[in-house]
Amino acid sequence: MALNPMALDLSGKKYANVAYEEKERLFDEVKADDRWHHVLYGCYECGICVAACPSARFYDFSPRVIAQAAAREDVDLMYTLMNDSVWDCSQCFSCDRCPRQNSPGQIITIMREVAVKNGLKTAKEALEGYGRIIYKIMSTGSQVSPDMLQPNAFPDWGGHVKEISDNLDVWRKALPPETLHTTETGWKITDKTIVELYLIWHMTGVMKLIEGVDEGLFMILVDVMEERLEEAGYDDISFD
Ligand code: SF4
Ligand code: SF4
């Protein structure tokens, strides 16, 4: 049988050059999260989470392996999974039907956050393709906007995409709710709302996370956000 080049290597060899103390430090950071004691209560190894997991159908990925490694406190394996597995989860939380009351999806959320906070190379690589979406959300407060509907970005959507993108403002103005008469955002977002979002992202450390994975994107966002915050009277907010 041919070997699958995408197969997950759980042997620990791939990260043998990383000091055990460093792997342990990251696992300790995962366990120190306030949510930790509400997402893992041991594991029956029953596999119900795997049966419910959509990502397990398409990738060499298993929420059971992650829950087991966490329950057994397998430091080496947790490090491998934090690098090579957690980004395959689609965060749907179907695995919450675990009979042990575990939430493998939330274990993964915590592991991802620790990976990002510590600037792991694998986390940066996994998030590389999302820069455009992050920029859109952070600069406008809306994830997908009509002006992203461009023929070159979506060639498989057919010829009508060009016609719609050429006359986007006309199409949007034909929609009954006035809040949808926008092209740069999914709907109208008031200055008050966007400023509140900026303050939340600043105070909850979201900006620090972005700086850790993509410094260039961080700097662009800071420019946009500082200007809007200053206009709203928050000229003492600093992203340094
Ligand atoms: S995490 Fe829960 S559902 Fe998954 S194998 Fe362990 S006990 Fe079963
Ligand atoms: S949250 Fe992740 S691990 Fe859980 S079922 Fe969804 S994809 Fe699978």
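The values are calculated or read from the model by the stated rules, or taken from the named source; none is laboratory data. Keep in mind the model is a prediction, meaning the values are calculated, not measured. Here Cβ is always computed from backbone atoms with ideal geometry, including for glycine, and neighbour counts include all displayed protein chains.
Scanning region 49-62 for residues that are of a type outside the set (Ser, Thr, Tyr) and buried (at least 17 other Cβ atoms within 10 Å of the Cβ) gives CYS49, VAL50, ALA52, CYS53, ALA56, PHE61. Highlighted here are the helices (runs of 4 or more DSSP H) found entirely within region 58-125 that include at least 1 residues which are among the basic types (Lys, Arg): 63-71, 104-117. Would you call GLY141 modelled with pLDDT under 90, surrounded by 12 or more Cβ atoms within 10 Å (Cβ to Cβ) and of a type in the set (Gly, Ala, Ser)? Yes, satisfied. Quick check: is even one residue across region 184-201 in contact with a Gly (Cβ under 6 Å, 6 or more places away or on another chain) and within 28 Å of ALA115 (Cβ to Cβ)? Yes; the residues of region 184-201 include at least one that is in contact with a Gly (Cβ under 6 Å, 6 or more places away or on another chain) and within 28 Å of ALA115 (Cβ to Cβ).
Scanning region 63-115 for residues that are of a type in the set (Lys, Arg), within 12 Å of ligand 2 (Cβ to nearest atom) and under 17 Å from CYS49 (Cα atoms), we see that the one that is surrounded by the most Cβ atoms within 10 Å (Cβ to Cβ) is ARG64.
Okay, residues lined up against (1) modelled with pLDDT of 95 or more; (2) away from ligand 1 (no atom under 14 Å from the Cβ):
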residue	(1), (2)
GLU21	yes, yes
GLU24	yes, yes
VAL30	yes, yes
ASP33	yes, yes
LEU40	yes, no
TYR59	no, yes
ALA71	yes, no
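Among the residues making up region 145-176, those that are touching a Lys or Arg at 6+ places or on another chain (Cβ under 7 Å) and in contact (Cβ under 8 Å) with a residue 24 or more places away in the chain are SER145, PRO146.
Close contacts from region 28-49, counting a first residue that is of a type in the set (D, E, K, R) and a second that is part of a loop (DSSP other than H, G, I, E, B), with Cβ to Cβ under 8 Å and a gap of 6+ residues or different chains, come to GLU29/ASN118. Has region 141-153 got at least one residue that is within 15 Å of ligand 1 (Cβ to nearest atom), among the charged types (D, E, K, R) and not in a loop (DSSP other than H, G, I, E, B)? Scanning region 141-153, I find no residue that is within 15 Å of ligand 1 (Cβ to nearest atom), among the charged types (D, E, K, R) and not in a loop (DSSP other than H, G, I, E, B), so the answer is no. Within region 89-107, residues that are on the phi > 0 side of the Ramachandran plot have Cβ atoms under 7 Å from residues that are within 11 Å of ligand 1 (Cβ to nearest atom) and in a helix (DSSP H, G or I) in these pairs: GLN91/GLY105; PHE93/GLY105, counting only partners at least 6 apart in sequence or on another chain.
The criterion of being among the polar types (S, T, N, Q) and modelled with pLDDT of 90 or more holds for ASN167. Within region 41-62, being among the aliphatic types (A, V, I, L, M), within 10 Å of ligand 2 (Cβ to nearest atom) and in contact with a Lys or Arg (Cβ under 8 Å, 6 or more places away or on another chain) holds for VAL50, ALA52.
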